[in-house]
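Undergrad: Handing you a structure now.
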Amino acid sequence: MLEIIYRDEHLIAINKPHGLLVHRSSIAADASEFALQLLRDQIGVKVNPVHRIDRKTGGILLFAFDKPTEIAMQKAFMENEVSKKYLAIVRGHTVDKEDIDYPLRKENGTLQDAFTSYTTLKRAELDVALGKHPTSRYSLVEAVPTTGRMHQLRKHLSHIFHPIIGDRTHGCNKQNKLFSERWEMNTMLLHAQQLNFKHPITGEAVKIEAEIQPEFKRAMDIMGW
């Protein structure tokens, strides 16, 4: 059963587990379960996603019950009228606060502006040697993307040499191998924690929050957080 964290006449949000695809995709033929179909079956009502989060990302996934709401919310996401907050566990000790203003290239080669701010919430240093380092350092950051580019947080955090743990595409292979072998953890430690927006139908302010998933919580326990 999917965890439903928000519902009204027009919108419904779930706390998506890590590893669950939003919907069927030709690029993920190995998947047999999808958030869209699971939610439809669970509530017995047709829904459509109004935005996307990566398969490996956990947290808030928002759906609409009707076409006008779906179109209005998609427009709000495209025009950056929805504020988003994420939690990520990254390699190394990040600075207290940082703005990342680094354009990202689309698949067709076009550069797009991309902007992310993050705040460091916690730091850890584990007595675990890795490579030439006698210890391993990690940080928990709250990241706020003000643009919505594909894999933006993953690419931006990798760009500043603090890749997200468990990110196989943009991350650190040595760290991913350490987490897999030492703690049997392959989860990408990125969580969509909060959405804030103006309701497209009622005009009211909506705030949706999602608790971290069990594997993210286990990683925090490993860090002593």
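The values are calculated or read from the model by the stated rules, or taken from the named source; none is laboratory data. On a predicted model such as this, the values are computed, not experimentally measured, just so you know. A quick note on method: Cβ atoms are made from the backbone with ideal geometry, for glycine too, and the neighbour counts reach across all protein chains shown. Side chains are part of the model used for accessible areas, which takes the heavy atoms of the whole protein and leaves out ligands, DNA and RNA. Shrake-Rupley method; radii C 1.70, N 1.55, O 1.52, S 1.80 Å.
Undergrad: Starting from the 7 Å offset along Cα-to-Cβ, what nm value, one decimal, do you get for the label separation of Asp41 and Asp127?
TA: Those two pseudo-labels are separated by 4.7 nm.
Undergrad: Please give the charge dipole size of the chain, origin at the Cα centre, charges +1 on K and R Cβ atoms and -1 on D and E Cβ atoms. Round to the nearest 20 debye.
TA: Roughly 560 debye for the chain.
Undergrad: Roughly how many percent of the accessible protein surface of segment 97-168 is carbon and sulfur, given a 1.4 Å probe and a whole-percent answer?
TA: 48 percent
Undergrad: Calculate, for the chain, the solvent-accessible area per residue in square angstrom, rolling a 1.4 angstrom probe over the heavy atoms of the protein chains.
TA: Per residue, the chain has 53 Å² of solvent-accessible surface.
Undergrad: Still on this structure, please answer the following. Could you tell me what percent of the accessible area of segment 35-77 is made up of carbon and sulfur, with a 1.4 Å probe and every protein chain present?
TA: Details: 960 of 1760 Å².
Carbon with sulfur: 55 percent of the solvent-accessible area.
Undergrad: Next up: With all protein chains present and a 1.4 Å probe, how do Phe65, Phe161, Phe34 order by accessible area, largest first?
TA: Phe161, Phe65, Phe34
Undergrad: Placing unit charges on C-beta atoms (Lys and Arg positive, Asp and Glu negative, everything else neutral), compute the dipole magnitude of segment 138-222 about its Cα centre in debye, rounded to 20.
TA: Its charge dipole is roughly 360 debye.
Undergrad: Restricting to Cα atoms and excluding each atom paired with itself, what does the Kirkwood estimate give for segment 125-175 in Å?
TA: Answer for segment 125-175: a Kirkwood hydrodynamic radius of 12.2 Å.
Undergrad: Also, quick follow-up: Please compute the length gained on full extension between Asn80 and Thr135, using 0.36 nm multiplied by the number of residues separating them and subtracting their Cα-Cα distance.
TA: In short, 15.8 nm is gained.
Undergrad: I would also like to ask the following. Note down the net charge around Ile222, summing +1 for each Lys or Arg and -1 for each Asp or Glu among other residues with Cβ under 15 Å from its Cβ.
TA: Around Ile222, the surrounding residues sum to +1.
Undergrad: Just flag the GluC sites (Glu not before Pro) in segment 46-84 sitting in loop per DSSP whose Cβ has no more than 15 other Cβ atoms within 10 Å.
TA: Those that pass, being in a loop and sparsely packed, are Glu79, Glu81.
Undergrad: Let me ask you something else. Could you give the size of the charge dipole of segment 46-99 about its Cα centre, using +1 on the Cβ of each K and R and -1 on the Cβ of each D and E, expressed in debye and rounded to the nearest 20? Before the final figure, lay out the partial values.
TA: Numbers: 10 positive and 8 negative charges, 63 e Å.
So the dipole magnitude of segment 46-99 works out to roughly 300 debye.
Undergrad: Could I ask something else about it? Along Cα→Cβ, 7 Å out, is where each label goes; now give me the distance between the ones at Ile201 and Met1 in nm to one decimal.
TA: 2.4 nm
Undergrad: Helix-derived [θ] at 222 nm for the chain: sum -39500 (n - 2.57) over DSSP H runs of at least 4, divide by residue count, nearest 500?
TA: About -6500 deg cm²/dmol.
Undergrad: Taking the Cα centre of segment 62-133 as the origin and placing charges on Cβ (Lys, Arg +1; Asp, Glu -1), which of Tyr118, Val90, Asn108 is farthest toward the positive end of the dipole?
TA: Highest projection toward the positive end goes to Val90.
Undergrad: In segment 177-225, what GluC sites (Glu not before Pro) fall in a loop by DSSP, with at most 14 other Cβ atoms inside 10 Å?
TA: Glu184, Glu204, Glu211
Undergrad: Place +1 on the Cβ of every Lys and Arg and -1 on the Cβ of every Asp and Glu in segment 164-208, take the dipole about the Cα centre, and give the residue among His191, Thr202, Asn173 whose Cα lies farthest towards its positive end.
TA: Value: Asn173.
Undergrad: If you don't mind, another one. Positive end of the dipole of the chain, charges at C-beta (+1 Lys, Arg; -1 Asp, Glu), about the Cα centre: which of Ile53, His156, Pro68 has its Cα farthest in that direction?
TA: His156
Undergrad: Longer than 24 Å from Cα to Cα, which of Lys16/Lys198; Lys84/Lys174; Lys56/Lys132; Lys84/Lys177; Lys174/Lys217 are they? Say none if no pair is.
TA: Working: Lys16/Lys198 22 Å; Lys84/Lys174 30 Å; Lys56/Lys132 30 Å; Lys84/Lys177 30 Å; Lys174/Lys217 22 Å.
In this structure, Lys84/Lys174; Lys56/Lys132; Lys84/Lys177 lie more than 24 Å apart at Cα.
Undergrad: Report the local net charge at Glu125: Lys and Arg +1, Asp and Glu -1, summed over other residues whose C-beta lies under 13 Å from its C-beta.
TA: +3
Undergrad: Sticking with this one: Consider the candidate values [x] 135; [y] 161; [z] 124; state which one is volume of the Cα convex hull per residue in Å³ computed from the structure displayed.
TA: [x]
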